[in-house]
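Undergrad: First the structure, then my questions, so here it is.
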Amino acid sequence: MRRVFAVGIASAVVLAGAGIGVALERTHAQQAQGVTSAAASTSGVVQITFWNGHPSGALKKEMHALVDEFNATHPNIHVTVIDKYAQIQPVTAAMTAGDAPNVIMPHLDAAQQFAADGYLVNLTPYIDGPHGFTKAQLASFFYPSVWNGRAIDPGKQYILPFEENGHMVIFYNASLFQKAGIASPPKTWQQLGDDARRITALGKNIHGIAWTPSMEQFLTMVADNGGKIWASNSETRFALNNPQAVSTLSFLRDLVAKGDMILTQNYDYQLDFGTGNIGLLIESSAGWTYDVQSVGGKFPVKASPAPAGTSGRAYNYVDGDSLAILNTGTKAQQDAAWTFIRWLASPEQNAKWDEVANYLPIGPAAAQDLKPFYASHPDQAQAFTSPSTWLTDPAANATQYYAALTAMQTELLKALNGQETPQQAVANMNQVGNEYLSGQRRS
């Protein structure tokens, strides 16, 4: 499925043909340092605050380490970290109260709402300015789908990419695979179903798969099987009511009905996997750390790229938080905020972040930096598939899209639990999804 997005700035057009072979430039640190030098020389150290969107665990620790490194290498700026999600309600309340931070990490739908409300600084002048990105840097720092997927307002760029979570990867219990006589992980969805049945046959408390149903993963499977998701490249209307979507849902329903796949809620599948009674997970790249932690060394955990469908292709659905500057504070603070987010989105910092978080590199330069890590951590490399196979959220319609997915998820669950036929569920998904996308329904 071809992905087409509006590009936020004129210079970003070069991304349409960008490839891995683009020369990797490393001048961003020196350039970014210059943005705030004038402001700092007249006002001393510029103080800014940053809401970190990962307020616990290893990711909190790594983010604090990155900010400490920034502060140590940028003496004219000091970033204070506040561990808090950039959700719509708290950001709106902070903007209203006049105590909002300078930098946040919003998800795409929240960012679109913030831009519509006038809360975000338009980054285009910074990006195109003397301390922004050259064309070569844009091409090496960001994959086209990653950059264009942040174009929430055509002609303006309000957010910088920071992280991409790959939602299609298989993590499996190597011990159960061995007991079931399975020599290698599945290469196709049909093989995955066969493997799940063989693992379930090992005992009454053992199941092949544990899965918390995900619309993003379901849509990816439909694409794998050659089904259409969108009516056109504008991605404003679903075309999901097709035989491939029905057959995909029938396949999943059959796994549930036969007990080869159990359905879970939220992250309960991680706990189930840790018991040793689950053969495999249909997971996201960022889940690796938590799944391994749940297992606690009781058995070997291995990873494999997600299987291919009947089309012969295996797509990967990617999304993640971005970096944005709120329209608050002084011009010097906004300049300092740009220096900070440009540094944080750089290949070196992105690679450091991905090693801990198991997110995917956002561009060719970070992918190059990650090669030694992936060589020594092959399981964590399995989620990083070719960016040409990446599916992303529709940037220009993100708010309605997420509301649509929530409503469509209800129909997905009904079919999986046998309350609707797959044909009925797919037709209902398509209808309710389009009602949200068109604005006929609102969340």
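Undergrad: Mind checking which residues of region 403-443 are surrounded by 21 or more Cβ atoms within 10 Å (Cβ to Cβ) and among the hydroxyl-bearing types (Ser, Thr, Tyr)?
TA: 436
Undergrad: Taking region 366-390 on its own, how many of its residues are out of contact with any Leu (no Cβ under 6 Å at 6 or more places or on another chain) and part of a loop (DSSP other than H, G, I, E, B)?
TA: Residues meeting the conditions: 5.
Undergrad: Quick one: which residue in 389, 339 is under 27 Å from residue 289 (Cβ atoms), surrounded by 19 or more Cβ atoms within 10 Å (Cβ to Cβ), touching a strand residue (DSSP E or B) at 6+ places or on another chain (Cβ under 9 Å) and among the β-branched types (Val, Ile, Thr)?
TA: 389
Undergrad: Tell me which residues, restricted to region 112-139, are surrounded by 15 or more Cβ atoms within 10 Å (Cβ to Cβ) and not in a helix (DSSP H, G or I).
TA: Residues satisfying the conditions are 119, 120, 121, 122, 123, 131, 132, 133, 134.
Undergrad: Please pick out the residue among 312, 287, 276 that is touching a residue at least 40 places away in the same chain (Cβ under 8 Å), more than 21 Å from residue 377 (Cα to Cα) and of a type in the set (Gly, Ala, Ser).
TA: Result of the check over 312, 287, 276: 276.
Undergrad: Just to be sure, is residue 328 more than 26 Å from residue 155 (Cβ to Cβ) and either outside any helix (DSSP H, G or I) or not assigned by TED's automatic domain parsing to the domain that holds residue 58 (or both)?
TA: no
For every residue, the table says whether it meets (1) modelled with pLDDT of 95 or more; (2) among the polar types (S, T, N, Q); (3) within 23 Å of residue 389 (Cβ to Cβ).
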residue: 100; (1), (2), (3): yes, no, no
residue: 106; (1), (2), (3): yes, no, no
residue: 109; (1), (2), (3): no, no, no
residue: 117; (1), (2), (3): yes, no, no
residue: 120; (1), (2), (3): yes, no, no
residue: 133; (1), (2), (3): yes, no, no
residue: 142; (1), (2), (3): yes, no, yes
residue: 164; (1), (2), (3): yes, no, yes
residue: 172; (1), (2), (3): yes, no, yes
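Undergrad: Would you call residue 398 touching a Lys or Arg at 6+ places or on another chain (Cβ under 7 Å) and buried (at least 20 other Cβ atoms within 10 Å of the Cβ)?
TA: no
Undergrad: Which one is surrounded by the most Cβ atoms within 10 Å (Cβ to Cβ), of the residues in region 84-111 that are touching a strand residue (DSSP E or B) at 6+ places or on another chain (Cβ under 8 Å) and part of a helix (DSSP H, G or I)?
TA: Here the answer is 111.
Undergrad: Restricting attention to region 230-283, and to residues there that are among the β-branched types (Val, Ile, Thr) and surrounded by 21 or more Cβ atoms within 10 Å (Cβ to Cβ), which single residue is farthest from residue 439 (Cα to Cα)?
TA: Here the answer is 278.
Undergrad: Could you check region 180-286 for helices (runs of 4 or more DSSP H) lying wholly inside it with 1 or more residues that are more than 27 Å from residue 401 (Cβ to Cβ)?
TA: Details: elements: 189-200, 215-224, 243-257, 268-274.
By residue number, 189-200, 243-257, 268-274.
Undergrad: Any residue in region 373-383 that is touching a strand residue (DSSP E or B) at 6+ places or on another chain (Cβ under 9 Å) and buried (at least 24 other Cβ atoms within 10 Å of the Cβ)?
TA: Within region 373-383, one or more residues are touching a strand residue (DSSP E or B) at 6+ places or on another chain (Cβ under 9 Å) and buried (at least 24 other Cβ atoms within 10 Å of the Cβ).
Undergrad: Is one or more of the residues making up region 338-347 in a helix (DSSP H, G or I), among the basic types (Lys, Arg), more than 22 Å from residue 314 (Cβ to Cβ) and assigned by TED's automatic domain parsing to the domain that holds residue 64?
TA: To start, the set of residues in region 338-347 that are in a helix (DSSP H, G or I) comprises 338-344, 347.
Still in the list and also among the basic types (Lys, Arg): 342.
Still in the running and more than 22 Å from residue 314 (Cβ to Cβ): 342.
Pick out the ones that are also assigned by TED's automatic domain parsing to the domain that holds residue 64 and you get 342.
Within region 338-347, one or more residues are in a helix (DSSP H, G or I), among the basic types (Lys, Arg), more than 22 Å from residue 314 (Cβ to Cβ) and assigned by TED's automatic domain parsing to the domain that holds residue 64.
The values are calculated or read from the model by the stated rules, or taken from the named source; none is laboratory data. Everything numeric in this text was worked out from a predicted model, so none of it was measured. Cβ: placed from backbone, ideal geometry, glycine included. Neighbour counts: every protein chain shown.
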